[in-house]
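Read the structure below first, then the notes.
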């Protein structure tokens, strides 16, 4: 009976007297990835399968059966789609920096013209500081999310995405509660757009 991929990988690694950490370094992947492959909780990407084939000197057909190749390809497609969605959401958060410079804030009854956040004087200093902190934290989270996606850190990306959603919700609530509708609408539009991508990811599309 043919061994499954996870069993075959364990056998090949142990035949070389390698630890999971050593194999991970040789393949330029994380030890967690190797652990998932060997426990059957995940499949390597097609590129990783090619690297495994070269490293152990066996054909891909010897490593995986056709059904497992299909599963691996589907997993890779989902991973790539997830990275794309994470990048889009992070980029949207970075775009929130425009709130620091464009005139979308009401400056009180004595000044009907809208102003940028930096020029806002018609509210208390602490409230202005809260607005600035929310915007800057969201922009920073977005920048870190782009870096995490670039470095292929899916766990970081998921955590930063969750943080970005929480910051967006807090921003919408803060702007609406303080009667800053234009800024609230901008944040709400970004929140809805990010929510769309998150829901897409949950449904695996």
- Query: Can you find a residue in the stretch 176-199 that is under 14 Å from the mean Cα position of the chain (by Cα) and buried (at least 20 other Cβ atoms within 10 Å of the Cβ)?
  - Reply: yes
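Just the residues that are assigned to a loop (DSSP other than H, G, I, E, B) and touching a residue at least 60 places away in the same chain (Cβ under 8 Å), please, taken from the stretch 174-189.
Taking the stretch 174-189 first, the residues assigned to a loop (DSSP other than H, G, I, E, B) are 178-180.
Result: 179, 180.
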- Message: For residue 29, only one of the following conditions fails: (1) in contact with a helix residue (DSSP H, G or I) (Cβ under 7 Å, 6 or more places away or on another chain); (2) assigned to a helix (DSSP H, G or I); (3) free of Cβ contacts under 8 Å to residues at least 40 places away in the same chain. What is its number?
- Response: (2)
- Filter the stretch 5-20 down to residues that are in contact with a helix residue (DSSP H, G or I) (Cβ under 9 Å, 6 or more places away or on another chain) and free of Cβ contacts under 8 Å to residues at least 40 places away in the same chain and give me whichever is surrounded by the most Cβ atoms within 10 Å (Cβ to Cβ). 13
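Assess whether residue 109 counts as being at pLDDT below 85 and either buried (at least 17 other Cβ atoms within 10 Å of the Cβ) or in contact with a helix residue (DSSP H, G or I) (Cβ under 8 Å, 6 or more places away or on another chain) (or both).
Numbers: at pLDDT below 85: yes; either buried (at least 17 other Cβ atoms within 10 Å of the Cβ) or in contact with a helix residue (DSSP H, G or I) (Cβ under 8 Å, 6 or more places away or on another chain) (or both): no.
No; evaluated as a whole, the condition is false for this residue.
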- Check residue 41 against each of (1) modelled with pLDDT under 85; (2) assigned to a helix (DSSP H, G or I); (3) under 23 Å from the mean Cα position of the chain (by Cα) and name the one condition it does not meet. (2)
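Determine whether residue 78 is in contact (Cβ under 8 Å) with a residue 12 or more places away in the chain, within 26 Å of residue 197 (Cβ to Cβ) and out of contact with any helix residue (DSSP H, G or I) (no Cβ under 8 Å at 6 or more places or on another chain).
On the way: in contact (Cβ under 8 Å) with a residue 12 or more places away in the chain: yes; within 26 Å of residue 197 (Cβ to Cβ): yes; out of contact with any helix residue (DSSP H, G or I) (no Cβ under 8 Å at 6 or more places or on another chain): yes.
Yes, satisfied.
Every residue, every condition in (1) at pLDDT below 85; (2) closer than 20 Å to residue 28 by Cβ, yes or no:
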{"position": "49", "(1), (2)": "no, yes"}
{"position": "67", "(1), (2)": "yes, no"}
{"position": "70", "(1), (2)": "yes, no"}
{"position": "75", "(1), (2)": "yes, yes"}
- Item | Number of the condition not met by residue 117 [criteria: (1) touching a helix residue (DSSP H, G or I) at 6+ places or on another chain (Cβ under 9 Å); (2) more than 22 Å from residue 182 (Cβ to Cβ)] | (2)
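Does residue 153 meet the test of being more than 30 Å from residue 28 (Cα to Cα) and not assigned by TED's automatic domain parsing to the domain that holds residue 30?
no
If I filter the stretch 115-134 down to residues being part of a loop (DSSP other than H, G, I, E, B) and free of Cβ contacts under 8 Å to residues at least 24 places away in the same chain, which single residue comes out as surrounded by the fewest Cβ atoms within 10 Å (Cβ to Cβ)? Don't jump to the end; show me each part of the working.
Taking the stretch 115-134 first, the residues part of a loop (DSSP other than H, G, I, E, B) are 116, 120-124.
Narrowing further to those that are free of Cβ contacts under 8 Å to residues at least 24 places away in the same chain: 116, 120-122, 124.
Working: 116: 15, 120: 22, 121: 11, 122: 14, 124: 9.
My answer is 124.
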- Query: Restricting attention to the stretch 89-101, and to residues there that are surrounded by fewer than 16 Cβ atoms within 10 Å (Cβ to Cβ) and under 17 Å from the mean Cα position of the chain (by Cα), which single residue is modelled with the lowest pLDDT?
  - Reply: 95
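The values are calculated or read from the model by the stated rules, or taken from the named source; none is laboratory data. For clarity, every value in this text was computed on a predicted model and none was experimentally measured. Neighbour counts are summed over all protein chains in view; Cβ atoms, including those assigned to glycine, are modelled from backbone coordinates with ideal geometry.
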